[in-house]
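Each remark here refers to the structure printed beneath this line.
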Amino acid sequence: MASIVESARELSLQKPYDKTTIAKLEEYVISIKKSGDIYDFDVLKCLLKLYGVYPEESKSELIATILCLSLMKLPSTDFLCLACLIPAKSQKKEPLKTILQCADNLERCTFVEFWENRNNESMKTFTNSLNGFDSSIRKHIINSLQGTYRNISIEQFNKALGLTATESAEFVKKCDSIDNTNKDVVTFKIVTSDTVIGNVNVKQQNRSLRYDETIKFLDLVKQE
């Protein structure tokens, strides 16, 4: 596994616009889809840029995988930056269309609608194949709720996290952000200036394409 990651990182740095780089980066994406714990934003960005230069090599399933992996890193801006590299016409096709709707739901904190979109048949089949997708999203939702509420009804809580009553009972036992709960109300721990908001062990980062990267990318696309 380490050799796949190291090779992908090396190629993304040394040959970021070489068509022969694509296969190794795709191998990397397939590997992290299964492992769920090896993530490199720059490698994922490089693959999407290569798909833009060589659209005939583009694979919708891997693009969808990349977007879902970046959603798992919320509240970082990874998803926004990577989504900007995907052509508008591709964004209108499934499963990308639903993934973008899910991202919009999370941004707007319309969590009930998020789970409705996540649970449609094509999206559910896809996200179920991603190790830790739901748990990562729930960590983000919990952090959003904790930053807004001190108390929330158990009914609202369960709907926001897409949990049944049975699942909720087990979830709250393991959730460090919850102070206590009863049959009607969930009480969150008070957020202080020292409280870290965001996924565990994931530092929020503002991602963007450098100006020189953008110009080089657009020039290559025009040449194609």
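Just so you know, all these numbers are worked out from the coordinates, no wet-lab data involved. Treat the numbers as computed from the prediction; the structure is a model and nothing was measured. Here the Cβ positions follow ideal geometry from the backbone for every residue, glycine too, while neighbour counts run over all protein chains shown.
One table, with the values for the structure above:
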{"quantity": "Calculated FRET efficiency for the pair Ala88/Glu170, C-beta based, R₀ 41 Å, to 0.05", "calculated": "0.45"}
{"quantity": "3J(HN,Hα) from dihedral phi, segment 72-88, Karplus parametrisation 6.51/-1.76/1.60, rounded to Hz, x for glycine, proline", "calculated": "5, 9, 3, x, 4, 8, 4, 4, 4, 5, 6, 5, 5, 8, 9, x, 4"}
{"quantity": "Cut-off under 5 Å, modelled amide H: who pairs with Tyr149 long-range", "calculated": "none"}
{"quantity": "Point-to-point label distance, Ser135-Gln156, nm (Cα→Cβ direction, 7 Å offset)", "calculated": "2.8 nm"}
{"quantity": "Integer Hz, Karplus 6.51/-1.76/1.60 couplings in order for segment 5-12, x for Gly and Pro", "calculated": "5, 4, 5, 5, 5, 5, 5, 5"}
{"quantity": "Stokes-Einstein translational diffusion, segment 49-173 - Kirkwood Rh over all Cα pairs, 0.692 mPa s, 37 °C, in µm²/s", "calculated": "213 µm²/s"}
{"quantity": "Karplus 3J(HN,Hα) series, Hz, for segment 143-153 with 6.51 cos²θ - 1.76 cosθ + 1.60 (x for Gly, Pro)", "calculated": "4, 5, 5, 5, x, 10, 10, 9, 10, 9, 5"}
{"quantity": "Packing-based order for 40-49, 145-154, using average beta carbon neighbours within 10 Å, highest first", "calculated": "40-49, 145-154"}
{"quantity": "Across Lys34/Lys97; Lys49/Lys73; Lys73/Lys183; Lys93/Lys124; Lys97/Lys159; Lys45/Lys93, pairs whose alpha-carbon gap is larger than 27 Å", "calculated": "Lys73/Lys183"}
{"quantity": "Relative contact order computed over segment 47-153 (Cα-Cα under 8 Å; 6+ residues apart), in percent", "calculated": "26 percent"}
{"quantity": "Dimensionless Rg ratio for segment 86-146, taking C-alpha atoms and the 2.2 N^0.38 Å reference", "calculated": "1.13"}
{"quantity": "Segment 121-194 and segment 59-104: distance between their alpha carbon centers, rounded to Å", "calculated": "23 Å"}
{"quantity": "Distant-in-sequence amide H partners of Val185 (H built 1.01 Å from N, under 5 Å)", "calculated": "Ile154"}
{"quantity": "Stokes-Einstein diffusion coefficient of segment 1-94, Kirkwood radius over Cα pairs, 10 °C, 1.306 mPa s, in µm²/s", "calculated": "120 µm²/s"}
